[in-house]
Amino acid sequence: MELQCPMPKFDFDVITLGHGSGGLLTHKLLQSGVFDIFKNELLNQQHDGASFSLNGRVAFSTDSYVITPAFFPGGNIGELAINGTVNDLAMCGAIPQYLSLSFIIEEGLTMKEFWEILVHIKEATQKAKIKIVTGDTKVVEKGKGDKIFINTSGVGLIHPKANIHHNNIRPGDKIIISGNIATHGIAIMSVRKGLEFETTIESDTTNLNHTIEKLLDRFGNDIKFLRDPTRGGVASVLNEIAELTSLGFELDQKSIPVDEQVEGACEMLGLDPLYVANEGLFVAVVAKEIADELLSLLRYDENGATAAIIGEVNTEHPGKVLMKSRIGGRRVVNYLTGEQLPRIC
């Protein structure tokens, strides 16, 4: 991907321990890189935190990103960090407003790589219409990191029509997935050392807040629950909800959208797509009366072209997730046991 922001002339080619000292090198790194590319009236205060006003109900979220490799088909750790926290806020029914951004950089990261990450962060914030207003940078010795780790925290205002809570879920509600599952995890695996294989699969990482806001505008509290199925995939999300509600969740395998290349890669690697990480999808549990209309609207959205109703809630098997297979049998879909795909987000 061609960078939209030309890289400035730095006095150094790689990150050194001195850049984490808090002295002159730290100052140069922040002034010529971070503060300049993300400048806004709040960040320009360059204080230990940001002061701002928020009116109404507020959501707050934080996450850390340690993905390897840091650069992957369809993105890099920078935009992943922004999209991840933006989406966590959106799943609360919030309209994201402000982010903090913190780096832990391994000594030896090239300035070219760091600048590419910064540019993708900027593009992701612009697309999501959110501001970075505070942050932190640390540098660790060579061998004590993995190029770069990123933490983002975010705050947002709860949409006035939102009432997202698992307690709202009722038998008969429909389960909707916003697009093809398992794409992100397989994109990462395709370039992981020792497992490289030829594919055109790219990560689905993107911000979902504009899509969610539009759906809440239309359907309000008929949207009972939202969650982005990242680590652990769709199966883990649904097991969590089933356990919390003591209701049964029944899926139809034929309805679950999976890209053919992704499905083939999963078969080759011995993976179940239901457990593979996603970064640009959401699972919604909605009132059955609005499910078809919501799906129709979602399919016109850039983030929902392959959205589908994949199941419904019932009382037949409390606390369990079952799936009807393509050939008509039924099986229990359990929690992911152990770590299926390490360092995927």
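Here, each number is a calculation from the coordinates, and none is a lab measurement. Predicted model, so just to flag it, every value in this text is computed and none were measured. Cβ placement follows ideal geometry from the backbone for every residue including glycine, while neighbour counts extend to all protein chains displayed.
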Practice task
May I ask for the distance between the Cα centers of segment 268-345 and segment 177-198, given as a whole number of Å?
Solution key: 17
Fill in the blank from the handout: Cα-based Rg then Dmax for segment 17-158, in Å, read 14.8, 45
Handout entry: Projected label distance in nm at Lys28 and Gln126, using a 7 Å step from Cα toward the beta-carbon
Key = 2.8
Exercise for the section: Specify whether the C-alpha gyration tensor of segment 249-345 places it in the rounded, prolate or oblate class, a ≥ b ≥ c being the square roots of the eigenvalues: rounded for a/c under 1.5, otherwise prolate if a/b is larger than b/c and oblate if not. Expected result: oblate
Exercise for the section: Under 18 Å Cα to Cα from Lys320, which lysines show up? Leave out anything in the same chain fewer than 8 places away. Expected result: Lys174
Exercise for the section: In whole angstrom, note down how far apart the Cα centers of segment 147-174 and segment 199-252 are. Expected result: 9
Practice task
Can you give me the span-like helices of the chain, meaning DSSP H runs with 20 Å or more of Cα extent along the axis and Kyte-Doolittle mean at or above -0.5?
Solution key: 77-91, 111-128
Exercise for the section: Sticking with the crude label model, points 7 Å out along Cα→Cβ, report the distance from Ile327 to Arg218 in nm, one decimal please. Expected result: 3.9
Completion exercise
Looking only at aspartates and glutamates whose Cα falls under 15 Å of Lys161's and that sit 8 or more positions away or on another chain, we get Glu213, Asp217, Asp222
Problem - Beta bridge orientation in the chain: antiparallel %, DSSP, nearest 5 - result: 75
Exercise for the section: Would you mind calculating the gained length between Asp292 and Glu202 on full extension (0.36 nm times residue separation, minus the Cα-Cα distance), in nm to one decimal? Expected result: 29.5 nm
Completion exercise
If exposed means GluC sites (Glu not before Pro) lying in a DSSP loop and surrounded by at most 13 other beta carbons within 10 Å, then the longest stretch of the chain lacking such sites spans residues 199-301
Exercise for the section: Could you tell me whether segment 17-94 comes out rounded, prolate or oblate from its Cα gyration tensor? Rule is a ≥ b ≥ c as square roots of the eigenvalues, rounded for a/c under 1.5, then prolate if a/b exceeds b/c, otherwise oblate. Expected result: oblate
Problem - Modelled label reach - Gln45, point 7 Å along Cα→Cβ, segment 134-160 residues with backbone N closer than 19 Å - result: 134-137, 153-157
Fill in the blank from the handout: Looks like segment 166-332, by Cα gyration tensor root eigenvalues a ≥ b ≥ c and the a/c under 1.5 rounded cutoff (else prolate when a/b is bigger than b/c, oblate otherwise), is oblate
Problem - Set of lysines near Lys39 by C-alpha distance (under 17 Å), chain-local residues within fewer than 8 positions excluded - result: Lys28, Lys122, Lys127, Lys129, Lys131
